[in-house]
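Engineer: First, the structure itself, so that you have it in front of you.
The values are calculated or read from the model by the stated rules, or taken from the named source; none is laboratory data. Since the model is a prediction, treat every value here as computed from it, not as a measurement. Cβ atoms come from the backbone with ideal geometry, glycine included; neighbour counts cover every protein chain shown. Side chains included, ligands, DNA and RNA excluded: accessible areas come from the protein's heavy atoms. Shrake-Rupley method; radii C 1.70, N 1.55, O 1.52, S 1.80 Å.
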Amino acid sequence: MEKAINRQKVLLHHLNPSSSIYANESSSLSASACLAGDSAAYHRKSAFGDDVVIVAAYRTALCKAKRGGFKDTHADDLLAPVLKAVIEKTNLNPSEVGDIIVGTVLAPGSQRATECRMAAFYAGFPDTVSIRTVNRQCSSGLQAVADVAAAIKAGFYEIGIGAGLESMTANPMGWEGSVNPKAKMFEQAQNCLLPMGITSENVAHRFGVSRKEQDQAAVESHRRAAAATAAGRFKDEIVPVSTKIVDPKTGEEKSVTISVDDGIRPNASVADLGKLKAVFKRDGTTTAGNSSQVSDGAGAVLLMKRSVAVQKGLPILGVFRTFAAVGVDPAIMGVGPAAAIPAAVKAAGLELDDIDLFEINEAFASQFVYCRNKLGLDPEKINVNGGAMAIGHPLGATGARCVATLLHEMKRRGKDCRFGVISMCIGTGMGAAAVFERGDSVDELRNARKTETNRFLSKDAK
């Protein structure tokens with residue numbers, strides 16, 4: 001901004017009248033920061049070199065819990081390959097990493113924290129590199145990325161890894177121990193205990209999302225995911241994992257390499273899904289076919305200051321712009337993205353129309369359809385390569401998976417895709433969202449969208 005103002009001053013020096021008849025009159029021209037409002041695509045809040053950027057984002061394939069390719073794989077063996085990938089593929093010295101934060105949900109906290117530390121050693125990190133876990137339910141992977149970005153912004157370190165991990169085979173969903181009787185005295189506290197499927201039914205009923213709409217959304221998710229897989233669009237983000245599969249009948253072990261999501265059903269149809277019975281409510285609309293899949297998987301995202309990335313000569317995949325987490329009614333927790341997305345987009349100085357791609361977690365078709373319709377989003381911009389109903393939803397890993405999927409797709413689209421958003425609902429009634437910018441879409445002196453043919457400085461000038 002300072003450079004831009006200096007350029008204005010030079011220009012104004014030439015434009016200001018020098019004739020003596022104007023000598024006693026003060027000029028109305030002066031240099032100032034741009035106040036054109038939405039003519040700027042976003043509001044730059046820090047120096048260019050201090051931007052937090054993503055230089056690598058990878059994930060494992062996502063596999064069906066208890067039945068898929070990772071059913072016999074330890075959680076730490078899921079995390080280690082993606083941690084190793086972000087280091088090896090960037091030729092970064094692992095000792096330079098300031099911290100690793102792993103989003104994870106279902107496993108006991110201390111045990112999972114230990115497993116993550118073990119995974120870091122498998123991946124080649126020295127004992128000087130710290131690691132911790134974070135749990136904000138289904139947004140944990142995104143929260144890990146946001147926590148690393150915030151720490152880099154705060155100056156705690158210059159390089160960090162935000163990751164996500166979940167083995168729903170090893171750690172199925174469930175409540176351990178007794179429930180505090182006090183919860184019965186507080187309706188919202190009691191609603192925190194509702195099964196997620198019931199909250200889906202609540203959204204469908206309250207906002208009129210039909211069974212047909214839900215099944216159509218599920219079929220489209222599978223169609224897009226199948227097309228993306230066939231076209232090889234996931235190859236840039238998936239790290240193959242060498243593991244084993246044990247035959248449950250004979251105990252025979254077979255060595256395998258898993259590199260493809262195994263829950264996608266290319267032939268899914270509305271007619272077939274319509275035959276499935278509701279799972280959570282006798283006359284309900286939420287079925288196994290229009291809900292997210294229970295999955296195993298992991299992902300990792302390497303972040304650093306832009307100045308560090310430039311110094312190291314690393315290509316910039318994306319820029320982390322903003323993050324928002326908001327609370328909503330626990331009884332309809334699925335509406336979270338409808339509240340979180342506008343908050344994150346506004347914080348970036350953008351409008352919804354400025355966003356080119358969305359990755360919105362499909363926890364349930366009911367809440368996905370509601371959020372899409374509530375925000376008036378173009379379906380062609382959302383989950384263009386399928387979502388959780390087809391690919392899977394390993395709770396703690398989903399956020400990191402979405403970062404990898406979004407940024408690689410934005411890179412493929414190039415100049416036609418500048419801003420992207422990731423969002424998901426969160427159990428107990430919350431929503432999270434983050435805004436990313438394509439890595440090569442901004443330079444130090446350009447922070448506004450290219451104007452269209454009318455050449456107005458601002459949309460307000462029409």
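Engineer: Which one, Ile159, Val241, Ile426, is farthest towards the positive end of the dipole of the chain when Lys and Arg carry +1 and Asp and Glu -1 on their Cβ?
Structural biologist: Ile426
Engineer: Ignoring ligands, DNA and RNA, how do Ser255, Ser291, Ser95 rank by accessible area with a 1.4 Å probe, largest first?
Structural biologist: My answer, sorted largest first, is Ser255, Ser95, Ser291.
Engineer: Using the Kirkwood formula over every pair of different C-alpha atoms, what hydrodynamic radius in Å results for the stretch 159-238?
Structural biologist: Evaluated on the stretch 159-238, it is 17.3 Å.
Engineer: If you count only protein heavy atoms and use a 1.4 Å probe, how large is the accessible surface of Val179, to the nearest 10 Å²?
Structural biologist: Around 70 Å² of this residue is reachable by solvent.
Engineer: So, one more: Between Val270 and Asp236, how high is the FRET efficiency from 1/(1 + (r/R0)^6) when r is the Cβ-Cβ distance and R₀ = 30 Å? Nearest 0.05.
Structural biologist: On the way: r = 31 Å, r/R0 = 1.05.
Given R0 = 30 Å and the Cβ-Cβ separation, E is 0.45.
Engineer: Just subtract the alpha-carbon distance of Lys249 and Gln111 from 0.36 nm times their residue separation and send over the number in nm, one decimal.
Structural biologist: Once the chain is fully extended between Lys249 and Gln111, it gains 46.7 nm.
Engineer: Determine the shape class of the stretch 97-203: with a ≥ b ≥ c the square roots of the Cα gyration tensor eigenvalues, call it rounded for a/c under 1.5, and otherwise prolate if a/b is greater than b/c, oblate otherwise.
Structural biologist: prolate
Engineer: Quick one: give the max-minus-min coordinate of the C-alpha atoms of the chain along each principal axis, largest first, in Å.
Structural biologist: 99, 53, 50
Engineer: Using a simple spin-label model with points 7 Å from Cα along the Cα→Cβ vector, what separation in nm is obtained for Lys415 and Val256?
Structural biologist: If labels sit at Lys415 and Val256, their model points lie 4.5 nm apart.
Engineer: Once you've got the Cα coordinates, tell me which of Lys277/Lys374; Lys89/Lys153; Lys374/Lys411; Lys212/Lys281; Lys249/Lys275 are over 20 Å apart.
Structural biologist: In this structure, Lys277/Lys374; Lys89/Lys153; Lys374/Lys411; Lys249/Lys275 exceed 20 Å between Cα atoms.
Engineer: Assign unit charges at the C-beta atoms only (+1 for Lys and Arg, -1 for Asp and Glu), then state the dipole size of the chain relative to its Cα centre in Debye, rounded to the nearest 20.
Structural biologist: 520
Engineer: Roughly to the nearest percent, how much of the accessible area of the chain is carbon and sulfur, given a 1.4 Å probe?
Structural biologist: Reported share for carbon and sulfur atoms: 52 percent.
Engineer: Could you give the radius of gyration (one decimal) and Dmax (whole number) of the Cα atoms in the stretch 257-347, in Å?
Structural biologist: Cα radius of gyration and Dmax of the stretch 257-347 are 20.1, 60 Å respectively.
Engineer: Let me ask another. Using unit Cβ charges (K, R positive; D, E negative) and no other charged atoms, how large, in debye to the nearest 20, is the dipole of the stretch 173-259 about its Cα centre? Don't jump to the answer; show the numbers that get you there.
Structural biologist: On the way: 12 positive and 11 negative charges, 32 e Å.
So the dipole magnitude of the stretch 173-259 works out to roughly 160 debye.
Engineer: Separate question: If you fit an axis through the alpha-carbon atoms of helix 211-230 and take the longest principal axis of the Cα set of the chain, what angle between them do you get, 0 to 90°, nearest 10?
Structural biologist: 80
Engineer: I've got another one for you. Given the -39500 (n - 2.57) contribution per DSSP H run of 4+ residues, what per-residue ellipticity at 222 nm results for the chain, rounded to the nearest 500 deg cm²/dmol? The partial results should precede the final answer.
Structural biologist: Details: 12 runs with 144 residues, N = 462.
About -9500 deg cm²/dmol.
Engineer: Could you pull out every one of the aspartates and glutamates with an alpha carbon less than 17 Å from that of Lys64, ignoring same-chain neighbours closer than 8 positions?
Structural biologist: Within the straight-line limit of under 17 Å, Lys64 reaches these aspartates and glutamates: Asp72, Asp77, Glu166, Asp247, Asp261, Asp262, Asp296, Glu362.
Engineer: If you count the DSSP beta bridges with both ends in the chain, what percent of them are antiparallel, to the nearest 5?
Structural biologist: Values: 46 of 62 bridges.
Expressed as a percentage, antiparallel bridges in the chain total about 75.
Engineer: A follow-up question, please. Give, in nm to one decimal, the length gained when the segment between Ala278 and Ala183 is fully stretched (0.36 nm per residue of separation minus the Cα-Cα distance). All intermediate terms of the calculation are to be shown ahead of the outcome.
Structural biologist: Numbers: separation 95, 0.36 × 95 = 34.20 nm, distance 2.79 nm.
Result for the pair: 31.4 nm of gain on full extension.
Engineer: While we're looking at this one, here's another question. Counting only heavy atoms of the protein chains, get the accessible area per residue of the chain (1.4 Å probe) and round it to a whole Å² value.
Structural biologist: Working: 21650 Å² over 462 residues.
It amounts to 47 Å² per residue over the chain.
Engineer: Here's a follow-up. How much of Arg401 can a 1.4 Å solvent probe reach, expressed as accessible area in Å² and rounded to 10?
Structural biologist: Solvent-accessible area, nearest 10 Å²: 10 Å².
Engineer: Moving on to the next point. What three numbers, in Å, describe the spread of the alpha carbons of the stretch 231-310 along their principal axes, ordered from the longest?
Structural biologist: 57, 42, 27
Engineer: Once both axes come from the Cα atoms, what is the angle between helix 398-413 and the longest principal axis of the chain, in degrees from 0 to 90, rounded to 10?
Structural biologist: The angle comes out at about 50 degrees.
Engineer: Expressed as an acute angle from 0 to 90° and rounded to the nearest 10, what is the orientation of the C-alpha long axis of helix 196-207 relative to the principal long axis of the chain?
Structural biologist: With both axes taken from Cα atoms, the answer is about 60 degrees.
Engineer: Given a 1.4 Å probe and heavy atoms of the protein chains only, how would you sort Cys425, Cys138, largest accessible area at the top? Each step should come with its number before you reach the end.
Structural biologist: On the way: Cys425 0, Cys138 25 Å².
Most to least solvent-accessible, the answer reads Cys138, Cys425.
Engineer: Let me check something: with ligands and nucleic acids excluded, how do Tyr157, Tyr122 order by accessible area (1.4 Å probe), largest to smallest? Intermediate values should be presented prior to the final figure.
Structural biologist: Values: Tyr157 35, Tyr122 110 Å².
The ranking, largest first, comes out as Tyr122, Tyr157.
Engineer: Using only protein heavy atoms and a 1.4 Å probe, report how much of Thr257 is accessible, in Å² to the nearest 10.
Structural biologist: The accessible area of Thr257 comes to roughly 90 Å².
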